[in-house]
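The values are calculated or read from the model by the stated rules, or taken from the named source; none is laboratory data. Source: prediction; values computed, not measured. In this analysis, Cβ positions are derived from the backbone assuming ideal geometry, glycine residues included, and neighbour counts consider all displayed protein chains. Note: accessible area is taken over every heavy atom of the protein model, side chains too, but ligands, DNA and RNA are not part of it. Shrake-Rupley method; radii C 1.70, N 1.55, O 1.52, S 1.80 Å.
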Amino acid sequence: MLGLLDRATQLTSVETEASFPEPLTCEAALKTTALAASLLFAHGQTTERTVAAAERLGRALGVTVKVLPYWGELTVQLDGAPISQIVPAKPLGVDMGRVLAVTTVIDQVCHGTLPAEAAQSALESAGRQPPASTPRFTCFAAIGAASLGVIFGALDATSLLLIATSAAIGAMVRRWLSSYSNNPLIQPLCAAFIAGVVAAAASRFQLSHAAALVAFCPCMVLVPGPHILNGAIDLARTRIALGTARLAYAGVIVLLICAGGLFGFTAVGAKLAIAELSPPVPLAIDVIAAGCAVASFGTFFSMPWRLLAFPAAIGMLAHAARWALISLAGGSAPTGALVACMLVSIIATPVVDRLHLPFAAVAFSAVVSLMPGFFLFNAATGLVELVSIGPSAPPALLTSIVTNGATAFLIIMAMTFGLILPRMLLERVMPSSA
């Protein structure tokens, strides 16, 4: 009888040990937390949400951590102990699929549905999720660039076909280059160069009267909007060094896009002329094109298919509001951008926090068609013409450069403030748990 009792006690002890595994050591918990933070940080999540998610995961693993983000690395410190984990992490990419997968793992650990000891391998699997397939990426690059062409007034089939073809070739080249080099600056430079060559050929052979749109619409799909927004948010939260680094990185990409497009255009021997502003397209066409552009940028950022409808819907609503403000109420382009972006921020903030999506990627996808690519392109074109003419340049050219540059700057500032201010106010009123 005593032997049976001892046997039962042993079995109960084994079952208890199996049901309640030993917690992770502090070092293991710290390593897991640092991995989660680095994955979120490197794939486009805002710094504030990255820090909050890592601290939440640390508490679920039994440790209290402090996350210190820098450009190039993250330091995760164990509160109250001289133990830290430094992991390399550069916020160079935007991948909403991976961010969503990582936050799903964090939620599962925090809710107790995923054992703590399995979190490390689950996070590693989430970080290896593939981006959008090359055919999908290429197809949506063509759709997005052509949609921007429609918004900016290129309604003839030849111009739209040239824009779509140029963007598709650029997308395939970008994917091909990514398999040979991890340098994130080569891809936009080469894609912009291709856009310039196609536009120059279209101009020389008189295939299109909208050569400027053929040149800059494929370049518009290369603009690093999420990095600009994340950098501005970091500056607003007094993370000066990190915010400055993000904006510098985005600025270098924009500079390379402009240089690549201009080099491609001049390499063929064509003369680039300042484009004239087209009249606004009808509301229905404008809104539909905006929705297609939003869906394209969602694809660039590897957003799952099931979630594309959300940014597309708010992007179409925002563009309709901007169209009405400018076409019916006589408002300016910066004012229209400000109102549209505020509307996007108010609608998107609670949804992206609930779904744990990167705010900058979703918000920029919804307002990408508002980016002042037309004015930036004209300002860059004017500068090139100014250099070629020299001191005998007419005053009208100088006026055009200043006007286009100032308009682009005001629109970008209006978009930045319109997206960030409602976001920060709503975060204060409705704080999220992660």
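Within region 79-103, if we keep just the residues that are open to solvent by 60 Å² or more (accessible area, probe 1.4 Å) and touching a residue at least 12 places away in the same chain (Cβ under 8 Å), the residue that is farthest from T47 (Cα to Cα) turns out to be G80. Against the criterion of being small (G, A, S), surrounded by 24 or more Cβ atoms within 10 Å (Cβ to Cβ) and within 23 Å of L425 (Cβ to Cβ), A37 does not qualify. Taken across region 218-231, residues that are over 26 Å from T50 (Cβ atoms), out of contact with any Leu (no Cβ under 7 Å at 6 or more places or on another chain) and outside any loop (DSSP other than H, G, I, E, B) do occur, with at least one present.
To keep it simple, each residue is scored yes or no on (1) among the charged types (D, E, K, R); (2) outside any loop (DSSP other than H, G, I, E, B); (3) open to solvent by less than 10 Å² (accessible area, probe 1.4 Å).
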| site | (1), (2), (3) |
| --- | --- |
| C341 | no, yes, yes |
| A348 | no, yes, yes |
| V351 | no, yes, no |
| A366 | no, yes, yes |
| G390 | no, yes, no |
| T403 | no, yes, no |
| T407 | no, yes, no |
| L421 | no, yes, no |
| R428 | yes, yes, no |
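May I ask you to verify whether P135 is within 30 Å of S345 (Cα to Cα) and not small (G, A, S)?
So P135 does not fit the description; no.
Looking at region 24-47, I want the residues that are part of a helix (DSSP H, G or I) and at pLDDT below 90 and have a partner that is aromatic (F, W, Y) and surrounded by fewer than 24 Cβ atoms within 10 Å (Cβ to Cβ) with Cβ atoms under 7 Å, at least 6 apart or on another chain. Which pairs are those? Listed by first residue and then by second, the contacts come to nothing, as the list is empty.
Under the condition of being open to solvent by less than 50 Å² (accessible area, probe 1.4 Å) and part of a helix (DSSP H, G or I), the residues counted in region 328-339 number 4.
The rows are residues; the columns are (1) over 24 Å from I411 (Cα atoms); (2) modelled with pLDDT under 95; (3) open to solvent by less than 20 Å² (accessible area, probe 1.4 Å).
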{"position": "Q206", "(1), (2), (3)": "yes, yes, no"}
{"position": "H209", "(1), (2), (3)": "yes, yes, no"}
{"position": "A236", "(1), (2), (3)": "no, yes, no"}
{"position": "I257", "(1), (2), (3)": "no, yes, yes"}
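V281 satisfies every condition listed in (1) closer than 21 Å to L162 by Cβ; (2) part of a helix (DSSP H, G or I) except (2).
For region 178-204, a tally of residues being within 29 Å of F359 (Cβ to Cβ), open to solvent by 30 Å² or more (accessible area, probe 1.4 Å) and not hydroxyl-bearing (S, T, Y) returns 7. Of all residues in region 118-146, those being part of a helix (DSSP H, G or I) and closer than 18 Å to L39 by Cα number 10. Of the residues making up region 312-336, those that are among the hydroxyl-bearing types (S, T, Y) and in contact (Cβ under 8 Å) with a residue 12 or more places away in the chain are S327, T335.
Rundown of residues vs (1) open to solvent by less than 50 Å² (accessible area, probe 1.4 Å); (2) in a helix (DSSP H, G or I); (3) at pLDDT below 85; (4) among the aliphatic types (A, V, I, L, M), yes/no style:
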site	(1), (2), (3), (4)
A245	yes, yes, no, yes
I253	yes, yes, no, yes
G261	yes, yes, no, no
I288	no, yes, no, yes
S296	yes, yes, no, no
A313	no, yes, no, yes
